[in-house]
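Colleague: The structure is given below, and queries will be raised subsequently.
The values are calculated or read from the model by the stated rules, or taken from the named source; none is laboratory data. None of the values given here were measured: they were computed from a predicted structure. Backbone-built Cβ (ideal geometry, glycine too); neighbour counts: all protein chains shown.
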Amino acid sequence: MPTQTYLDYNATAPMLSSVQTVMYAAFTALGNPSSVHSYGRRQRARIEVARVQVAALVGANAQQVVFTSGGTEANNLALTGVKAETVIVSAIEHDSILNCADRPLVAPVQTNGVLDLEILETLIVDAPPPVLVSVMHANNETGVVQPVAEIVKIAHSHGAILHCDAVQAVGRIAVDMSVLGVDLMTISAHKIGGPKGIGALIVGEHVRLQPQVRGGGQERGLRAGTENVPGVIGFGVAAATSKNSLEDWQHVARLRESLEVRLNKAFGNDLQIFGHEAVRIPNTCCVARADISAEIQIIALDLAGIAVSAGSACSSGKVEASHVLAAMGVVDSVARNAIRISLGPTTSEADIEFFVETYKELRTRGVENGA
Amino acid sequence: MERNAHTNITLDKMAVAHRSADNLSAPIYLDYQATTPVDPRVLDVMLPWFNKQFGNVHSQHHHGWQADEAVECARAQTAAIIGAQSREIVITSGATESNNLAIKGVANAYRDKRNHIVTCVTEHKCVLESCLQMERDGFDVTRLAVDSKGFIDLDQLYDVVTDNTVLVSIMAVNNEIGVINPLREIGEICRAAGAFFHTDAAQAVGKILLDVKAANIDLLSISGHKIYGPKGVGALYVRRRPKVRLEAQMSGGGQERGLRSGTLPTSLCVGLGMACMIAGREMVSENQRIRMLRDHLYQRLMSELDNVMLNGDAERRIPGNLNLSFARIDGAALLMGIPELSVSTGSACTSGSLGPSYVLQALGLDADSSDTALRIGLGRFTTMDEVEYAADRLIAVVSEQRGKLFSPTLA
C-alpha cells in the first residue's frame, strides 16, 4: 500500500516546488564554477547568489557561509576544525556531534529536555581552555528548543566558543545568528525543502577553522571539492522560500496542538508526550504509549500508509532506545515505545485525523492480540 | 506506463532547456575534464527522487525503503563499472572527498604499522594536499617525478616502495594532459610490497577499462560530475578481500558501514549509478567517436599552424583530451582572444590562480610552453561542427596574434 500520510518531516522534507523549478534548470547549466571561462563564471555567480540567500535565512553575512555536503559534514567540520582543548556537548546532540568529538564532556539536560545551564557553566569553568561548546538549537527527536542566546552568554563570559547545530530549527522558527551570538552554526538544505547532499557551516568572522576536506581550495580553502552547483542553488531558493514562509508554521503549530489534544483525550494516562513543558519547534511531537513498542507501531502505521519514525532516521536498521529520551530521564521501558511524529507545511487536518484514528485502532488491535 | 510517460516529457523538456538555457551564440564547451553536463538520461532518473519519492534512505518506512532500494541499485551500477562488489562502494560527496578519505583514512588506520606514502607530482591537488597533511602529521611522503610524457618511472616506484610503505596513490588518468598510467604494473609492484594501491580514477571512468581485481587496486575514487552525472556525489571503492581498513573522516549516524556518515542524497546516488551504467555501456563507441573528433582537431591545428606542441604522451592518452602549447604567443591574450571557446589553461580547481600549471612544469616545459598551454576537453556532446569551428577560431586567433606580436611596431 502506498504511503499517503507523511509525518516524518524531521527525517527529511519533500522538495519545495520553487526549488524543483530552479534545480531542473541548474542541472542543465554547464561549467565548473572554478573555470575562468564564461560558463564557469556564470556558475560561480549562481553560487554567490545562493550564498547570500542562505546567509540571509540565518542573519549572517554571505562570506561566513561554507557549503558542505550536509549537516553531518558541517558538524564534523565545526568540531574537528576548531582547535579546542575541551569539547563540551549536550547529552541530546545528534550522533554527528556525539561521535565526532574526541572524548567530549557531556552536559546533561533536565527532564523537560532543556539543558541544565548551571551544570553547563560549571563544566565550562572547570575545563582546560580553549573550550568549544556544541549545543543544538532544536532537538530532532523531541523538538525541544534550547535557550541558545543564554547559553551563548554563559559560554562567552568564560571565553568558550559556541557551535550550534540548527538543522531542525532553521526554517521553522526565526533563527538569527547575530542575535543569538553563536560562533558557528550548522544548517542543512533537505530539512527545509531543499535538496539532499548540501548543507552549510556558518562560521563567525573571528573563528579560526582548519579545513577537513582538502584539495583545490574551494570555499576559501575551508572545504575543497567542485561545488555541487545545483545543490547550492536549490539550497539558496529553499532558504529564501523558508524565510518568507515562517507564518506557515503557525498553522503547523495549531495542527500539532490538535494532535496532542486528541491523543491525550484518547489515551489519557497511557500516553506521554516528551518535552511538551518546554518550548518546542512547532512541528514535532515525541510520544510514547504504554502498550506497544515503537518498532511495532512504526510497522503497523506504515502498513496503514502513515510514515513516522522511532527516534532519528540516521542509522538504518538500528532500533535502540533513544539517547535523547534517556538523557531526559525517561526509563528504557517507556523510551522503547516512543515514536516521533513530525509535521510540515503540507500536513493537513485530515492527516492528523487519519493518524489519530489509526493510532487508536492500533490500541484496540494490540489489546485483542495481546489478550 | 506512468514511468515511460514521465520519461518522454522530461527528455523533451531537457532538449528545450539545453537549447534555451545557454543560447545559440553561447560559447562552445570544450572543457570536459573540468566538468561534464548532466546526461539527460541521468537527469531523467534523478528527478522523481526530488519530490515524488523524497524519503530519507535511512527511514524505517515505505518512503525510506523505496529510497534505499534505489540507492542500492545505484551502488551496484557503480560497482559494476570497476569490477567491484556493491558492498565495496562507499558513497561520498565527490572525488575530492574520496581522495581525502582514501589517503587519510588508510594512513591513520595503519599508522602504527607503516608510515610511508608514495604519490606523484602530477596528482590532483586534493591528493597532494591530503599527502601533505599526512606528512605534517608524521608520515614520510615520496613524490615521484614524471618524464616529459607525463609518466612515472616504474623502476623508481619499485625502488621506493618498501615494507614501510602503507599507500601508493597514483592517478589513473591525469586531469590536465589525459595520460593513462599503467595501473596493472603499479598494482603489481604495490601488492608485492604489501602496500595498498589507491588510484584517483575521476578522469578515467568511462574512458578506460577499469578492473580493480586485475590491476590489484585497493582503493579507487570516482566522481559523478566528470562522467555526465551530478555534482556533489562520488564514490570510493574500498577492497574487502584482502580487507583494507579505513578510518572514517566523517562520523555521525554511521551510514556507509560507518565509513562515511550523513544522509545519503538519493537523487544524486541514483544519478551516479545511471551515469556509471551509461559510461560502461557506451564507452567503446563513445571513445571511438570522440577520438575521431579529437584527432581531426589535432590534425587541423598541426597542419595549419606552426610551432604547436602536444603536452603529454600522444598514444597512452584518453580520447577526449588535448593539451597544446602555442609557442610565440601571449598565453593570457590567446585565452582572451577566444571567448567563444570554453577551454582552460590548467585544471579548473587551480585555474582561478593563473600561474603556470604544476603538471606542465613537471613535464619539464619551459615558461613559454607552459604559459601558452590550453587544455581542450572533448566529450559526449561535442559535435564535428563545434570541432571545425574551434579549429577555425584557434587557427585564426593564433595566426593573428603571432603576426601582431612579431611585427615591428612604430614608436
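Colleague: Does A:Val54 satisfy being buried (at least 24 other Cβ atoms within 10 Å of the Cβ) and within 12 Å of chain B (Cβ to nearest Cβ)?
Modeller: Criteria not met by A:Val54.
Colleague: When you go through (1) at pLDDT below 95; (2) of a type outside the set (Phe, Trp, Tyr); (3) farther than 15 Å from A:Ile292 by Cβ; (4) within 19 Å of the chain's Cα centre (by Cα) one by one for A:Glu320, which number turns out not to apply?
Modeller: (4)
Colleague: Something else now. Has the range B:46-62 got at least one residue that is under 25 Å from the mean Cα position of the chain (by Cα) and under 22 Å from B:Glu256 (Cβ atoms)?
Modeller: Yes, the conditions are met somewhere in the range B:46-62.
Colleague: Going by what's in this entry, would B:Gly262 be described as surrounded by fewer than 24 Cβ atoms within 10 Å (Cβ to Cβ), over 20 Å from B:Met171 (Cβ atoms), in contact with a Gly (Cβ under 8 Å, 6 or more places away or on another chain) and within 11 Å of chain A (Cβ to nearest Cβ)?
Modeller: No.
Colleague: Just the residues that are touching a residue at least 12 places away in the same chain (Cβ under 8 Å) and out of contact with any Lys or Arg (no Cβ under 8 Å at 6 or more places or on another chain), please, taken from the range A:31-52.
Modeller: Correct list: A:Asn32, A:Arg42, A:Gln43, A:Arg46, A:Ile47, A:Glu48, A:Val49, A:Ala50, A:Arg51, A:Val52.
Colleague: Same structure, new question: Under 6 Å by Cβ, and 6 or more places apart or on different chains, what pairs join a residue from the range A:333-346 that is assigned to a loop (DSSP other than H, G, I, E, B) with one that is acidic (Asp, Glu)?
Modeller: A:Pro345/A:Asp248
Colleague: B:Leu183 passes all but one of (1) closer than 30 Å to A:Asp102 by Cα; (2) more than 14 Å from chain A (Cβ to nearest Cβ); which number fails?
Modeller: Status for B:Leu183: all satisfied but (1).
Colleague: Then there is this: Among the listed residues A:Ala350, A:Ala310, A:Ala338, which satisfies the condition of being at pLDDT 90 or above, assigned by TED's automatic domain parsing to the domain that holds A:Leu263, under 21 Å from A:Ala278 (Cα atoms) and of a type in the set (A, V, I, L, M)?
Modeller: Exactly one of A:Ala350, A:Ala310, A:Ala338 is at pLDDT 90 or above, assigned by TED's automatic domain parsing to the domain that holds A:Leu263, under 21 Å from A:Ala278 (Cα atoms) and of a type in the set (A, V, I, L, M), namely A:Ala338.
Colleague: Shifting gears a bit: Look through the range A:26-39, keep the residues that are under 17 Å from A:Gly231 (Cβ atoms) and at the interface with chain B (Cβ under 7 Å from one of its Cβ atoms), and return whichever of them is surrounded by the most Cβ atoms within 10 Å (Cβ to Cβ).
Modeller: In this case the residue turns out to be A:Asn32.
Colleague: Suppose we keep only residues that are aliphatic (A, V, I, L, M) and either surrounded by fewer than 24 Cβ atoms within 10 Å (Cβ to Cβ) or under 14 Å from the mean Cα position of the chain (by Cα) (or both) within the range B:220-245. Which one would you say is farthest from the other protein chains (Cβ to nearest Cβ)?
Modeller: B:Val244
Colleague: Counting residues that are of a type outside the set (Phe, Trp, Tyr), modelled with pLDDT of 95 or more and under 16 Å from B:Ala362 (Cβ atoms), which helices (runs of 4 or more DSSP H) fully inside the range B:103-222 reach at least 3?
Modeller: B:125-136
Colleague: Kindly indicate the residue of the range B:45-102 that is among the polar types (S, T, N, Q) and in a helix (DSSP H, G or I) and also surrounded by the most Cβ atoms within 10 Å (Cβ to Cβ) among those meeting that condition.
Modeller: Per the stated criteria, the residue is B:Asn99.
Colleague: Say whether the condition of being over 30 Å from B:Val270 (Cα atoms) and away from chain A (no Cβ under 14 Å) is met by at least one residue in the range B:167-174.
Modeller: Yes, that holds for at least one residue.
Colleague: Pairs, please: C-beta under 7 Å, at least 6 apart or cross-chain, first residue under 20 Å from B:Gly252 (Cα atoms) and more than 13 Å from chain B (Cβ to nearest Cβ) and in the range A:96-118, second outside any helix (DSSP H, G or I) and at pLDDT below 90?
Modeller: Once the first residue is under 20 Å from B:Gly252 (Cα atoms) and more than 13 Å from chain B (Cβ to nearest Cβ) and sits in the range A:96-118, no partner that is outside any helix (DSSP H, G or I) and at pLDDT below 90 comes close enough.
Colleague: Looking only at residues in the range B:103-133 that are within 14 Å of chain A (Cβ to nearest Cβ) and closer than 17 Å to B:Arg245 by Cα, which one is surrounded by the most Cβ atoms within 10 Å (Cβ to Cβ)?
Modeller: Looking at the filtered set, the residue picked out is B:Ile103.
Colleague: Still on this model: Quick test for you: out of A:Ile154, A:Ile119, pick the one residue that is among the hydrophobic types (A, V, I, L, M, F, W, C), in contact with a Leu (Cβ under 8 Å, 6 or more places away or on another chain) and surrounded by fewer than 24 Cβ atoms within 10 Å (Cβ to Cβ).
Modeller: Answer to the check: A:Ile154.
For every residue, the table says whether it meets (1) assigned to a loop (DSSP other than H, G, I, E, B); (2) in contact (Cβ under 8 Å) with a residue 24 or more places away in the chain; (3) over 20 Å from A:Val252 (Cα atoms).
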{"position": "A:Val152", "(1), (2), (3)": "no, yes, yes"}
{"position": "A:His156", "(1), (2), (3)": "no, yes, yes"}
{"position": "A:Gly159", "(1), (2), (3)": "yes, yes, yes"}
{"position": "A:His163", "(1), (2), (3)": "no, yes, yes"}
{"position": "A:Ser178", "(1), (2), (3)": "no, yes, yes"}
{"position": "A:Val182", "(1), (2), (3)": "yes, yes, yes"}
{"position": "A:Ile187", "(1), (2), (3)": "no, yes, yes"}
{"position": "A:Lys191", "(1), (2), (3)": "yes, yes, no"}
{"position": "A:Pro195", "(1), (2), (3)": "yes, yes, yes"}
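Colleague: If you don't mind, there's one more thing I want to ask. Cβ contacts < 9 Å: first residue touching a residue at least 12 places away in the same chain (Cβ under 8 Å) and of a type in the set (Lys, Arg), restricted to the range B:189-200; second residue assigned to a strand (DSSP E or B) and surrounded by 23 or more Cβ atoms within 10 Å (Cβ to Cβ), any location; separation 6+ or different chain. Result?
Modeller: B:Arg191/B:Phe197
Colleague: Also: Looking only at the range B:169-208, which residues are of a type in the set (A, V, I, L, M) and under 20 Å from B:Tyr358 (Cα atoms)?
Modeller: Once the filter is applied, which keeps residues that are of a type in the set (A, V, I, L, M) and under 20 Å from B:Tyr358 (Cα atoms), the range B:169-208 yields B:Ile170, B:Met171, B:Ala172, B:Val173, B:Ile177, B:Val179, B:Ile180, B:Ala201, B:Ala202.
Colleague: Can you find, within the range A:10-25, the residue that is nearest to the other protein chains (Cβ to nearest Cβ) among those that are closer than 23 Å to A:Ile173 by Cα and of a type in the set (Val, Ile, Thr)?
Modeller: A:Thr12
Colleague: Go through (1) more than 14 Å from chain B (Cβ to nearest Cβ); (2) over 28 Å from A:Cys285 (Cβ atoms); (3) crowded, with 24+ Cβ neighbours inside 10 Å one by one and return the number of the condition A:Gly181 breaks.
Modeller: (3)
Colleague: Here's something else I'd like to know. Out of (1) surrounded by 14 or more Cβ atoms within 10 Å (Cβ to Cβ); (2) at pLDDT below 95, what's the single condition that is false for B:Thr382?
Modeller: So B:Thr382 meets the others, but not (2).
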